[in-house]
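Peer 1: Pasting in a structure now, in structure tokens, and then I'll have a few things to ask.
Nothing in this text is a laboratory measurement; each read-out follows from the coordinates by a stated rule. None of these values were measured; they are calculated from a predicted model.
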Amino acid sequence: MRDSIKVPFFRPSIGDEEIEEVVATLRGGWLTTGDRARRFEDGFADFLGGNVEAIAVNSATAGLHLALEALGIGPGDEVIVPDLTFTATAEVVRYLGAEVKLVDVDPETLCMDPDRFADAISGRTRAVMPVHYGGLSCDMDRLGRIAASNGIEIVEDAAHALPTRWNGRLIGALGTAAAVFSFYANKTITTGEGGMLVTSRREIAERARIMRLHGIDRDSFDRFSRPGAGWRYDIVAPGFKYNLSDLAAGVGLRQLRKADLFRDQREAVAARYFEAFSDLPLRLPARGAQGGHAWHLFAVRLEPDAPVDRDGFIALLTERGIGSSVHYAPLHQMTYWKERYGLKAEDFPVAEDAFRSLVTLPLFPAMRDEEIDAVTGAVRDILTAGRQVAAGA
Ligand SMILES: *Cc1c(COP(=O)(O)O)cnc(C)c1O
């Protein structure tokens with residue numbers, strides 16, 4: 001082995017300040033949702049700069065569920081979802097008894113193809129869920145126009161998109177029904193597990209706040225119960241248990257302050273990759289407008305003339321100690337989605353073709369120079385001298 005250095009697919013950037021915040025929370029004695037969660041929500045809304053409310057939840061999946069629930073989506077309704085995403089985007093539609101319509105993606109961005117979205121609209125379509133794949137914004141102008149002219153709500157799966165810009169504006173502040181961010185361990189900022197639902201619509205925020213915690217409507221009850229009745233609450237619906245703990249929110253407060261720094265660091269790694277890979281048989285990701293890409297993922301596609309196939313490429317990276325992943329095996333190939341809707345590969349030619357050659361390389365803010373060199377060196381070696389391996393793989 002030429003490189004002895006191992007590179008994980010992802011390593012979170014947790015500083016002393018996050019650790020001290022957790023310790024302070026533990027010592028403070030208030031562990032569940034409280035002041036830190038409220039400050040995290042306020043700080044998040046401020047960060048986006050728009051006129052938005054932020055509702056902290058224990059996962060993006062929970063936030064997506066709450067957003068659709070607040071829109072009243074249920075049995076008989078259809079929601080349009082891109083084929084190339086994590087199953088969470090689609091599964092929340094089924095939680096509510098509504099049906100998922102999967103559509104193919106754009107070959108350049110791997111985001112939902114606006115033309116396929118338009119084709120998929122029926123009389124039952126209530127919402128569309130664009131996924132800002134890898135941290136690059138979907139074409140929100142075209143999607144927005146199509147949605148508006150058909151009376152369709154937009155719930156953005158913004159799990160990859162902090163901070164991502166579309167026409168200079170941050171995702172989360174575009175005025176869609178909702179945008180939902182993830183703070184899962186390998187997302188652009190993390191709370192271990194967590195998420196944030198962002199909306200500019202009062203009624204969505206109110207409903208999501210109530211349904212986030214068991215359907216408890218303390219505010220309306222407090223209006224009728226006078227001082228001394230602090231324990232009183234009313235239940236207005238069978239809600240969920242989706243609140244974010246102060247332990248997690250404390251980590252989020254500290255991570256949020258570094259969101260722009262992390263993005264710049266990830267962009268610098270991406271720039272190194274673009275430079276190192278320009279002459280290799282790799283299709284590199286779309287870069288979007290200057291400074292607008294969150295660079296959550298660096299997903300490449302092997303060109304047809306590459307000396308190895310995707311699985312061979314991953315095996316060789318693994319052999320050299322380089323972590324990698326695939327985002328995503330398209331949903332139409334998954335047993336549940338395939339069988340429920342009788343899906344056929346030929347209806348998703350772009351996702352099908354992309355998946356065959358798709359690999360995500362390591363990219364995280366704390367990547368050291370020698371780690372970046374190890375990745376670029378391994379990729380170059382495999383793609384320029386990989387012939388003997390292709391035959392053996
Ligand atoms: C991570 C992710 C989710 C789910 O986020 P959680 O916080 O783990 O629930 C949803 N959609 C996409 C595209 C994701 O990458």
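Peer 1: Say we join alpha carbon atoms closer than 10 Å with springs in a Gaussian network model of the chain; which of 353, 104, 157 then has the biggest fluctuation?
Peer 2: Between 353, 104, 157, it is 353 that shows the largest mean-square fluctuation.
Peer 1: Region 93-204: percent of C-alpha pairs farther apart than 26 Å? Don't skip to the answer; put the middle values down first.
Peer 2: Working: 983 of 6216 pairs.
For region 93-204, the share of Cα pairs beyond 26 Å comes to 16 percent.
Peer 1: Per residue of region 126-135, in order, report the coupling 6.51 cos²θ - 1.76 cosθ + 1.60 (Karplus, θ = phi - 60°) as ³J(HN,Hα) in whole Hz, putting x for Gly and Pro.
Peer 2: Once θ is set to phi - 60°, the couplings for region 126-135 become 10, 8, 10, 10, x, 10, 7, 4, x, x Hz.
Peer 1: Using square roots of five times the C-alpha gyration tensor eigenvalues, list the equivalent-ellipsoid semi-axes of region 166-317 in whole Å, biggest first. Write down the numbers at each step before the final one.
Peer 2: Numbers: eigenvalues 394, 56, 45 Å².
Ellipsoid semi-axes (Å, largest first): 44, 17, 15.
Peer 1: Please compute, over every Cα-Cα pair in region 75-133, the percentage with a separation greater than 14 angstrom. Present the calculation step by step, with values, prior to reporting the outcome.
Peer 2: Details: 816 of 1711 pairs.
Distances greater than 14 Å cover 48 percent of the Cα pairs.
Peer 1: With n ≥ 4 as the cut-off for DSSP H runs, can you work out [θ] at 222 nm for the chain, using -39500 (n - 2.57) per run divided by the number of residues, rounded to the nearest 500?
Peer 2: Numbers: 15 runs with 160 residues, N = 393.
Rounded to the nearest 500, it is -12000 deg cm²/dmol.
Peer 1: From zero outward in steps of 10 Å, how is the percent of C-alpha pairs of region 258-300 spread across the bins?
Peer 2: Pair shares across the bins are 27, 56, 15, 1.
Peer 1: Among bridges DSSP assigns within the chain, what percent are antiparallel (round to 5)? Walk me through the numbers before you get to the answer.
Peer 2: Working: 22 of 38 bridges.
Within the chain, antiparallel bridges account for around 60 percent of the total.
Peer 1: Could I ask something else about it? What list of ³J(HN,Hα) couplings, whole Hz, do you get for region 32-44 from phi and the Karplus terms 6.51, -1.76, 1.60, once you set θ to phi - 60° and write x for glycine and proline?
Peer 2: Along region 32-44, the couplings run 7, 3, x, 4, 5, 4, 5, 5, 5, 4, 4, x, 5 Hz.
Peer 1: Okay, moving on. Pull up all non-local amide H partners of residue 99: gap of 5 or more, or a different chain, and H-to-H distance under 5 Å with H placed in the peptide plane.
Peer 2: Residues meeting the amide H criterion: 76, 77, 78, 79.
Peer 1: Rounded, prolate or oblate: which one fits region 239-355, using the alpha carbon gyration tensor with axes a ≥ b ≥ c (rounded when a/c is under 1.5, else prolate when a/b beats b/c, else oblate)? Let's see the in-between values first.
Peer 2: On the way: a/c = 2.02, a/b = 1.15, b/c = 1.75.
It is oblate, given that a/c is not under 1.5 and a/b is not larger than b/c.
Peer 1: Hey, any idea what the orientation-averaged projected area of the convex hull of region 338-386's Cα atoms comes to, in nm²? Write down the numbers at each step before the final one.
Peer 2: Details: hull surface 23.5 nm².
Dividing the Cα hull surface by four gives the mean projection, 5.9 nm².
Peer 1: Counting just the Cα atoms, what span does the chain cover along each of its three principal axes? Round to the nearest Å and put the largest first.
Peer 2: Per principal axis, max minus min of the Cα coordinates gives 79, 54, 36 Å.
Peer 1: I've got another one for you. If you plug each phi of region 266-277 into the Karplus form 6.51 cos²θ - 1.76 cosθ + 1.60 with θ = phi - 60°, what whole-Hz ³J(HN,Hα) values come out, in order, with x for Gly and Pro?
Peer 2: Result, ordered by residue: 5, 5, 5, 5, 4, 4, 4, 5, 4, 5, 6, 9 Hz.
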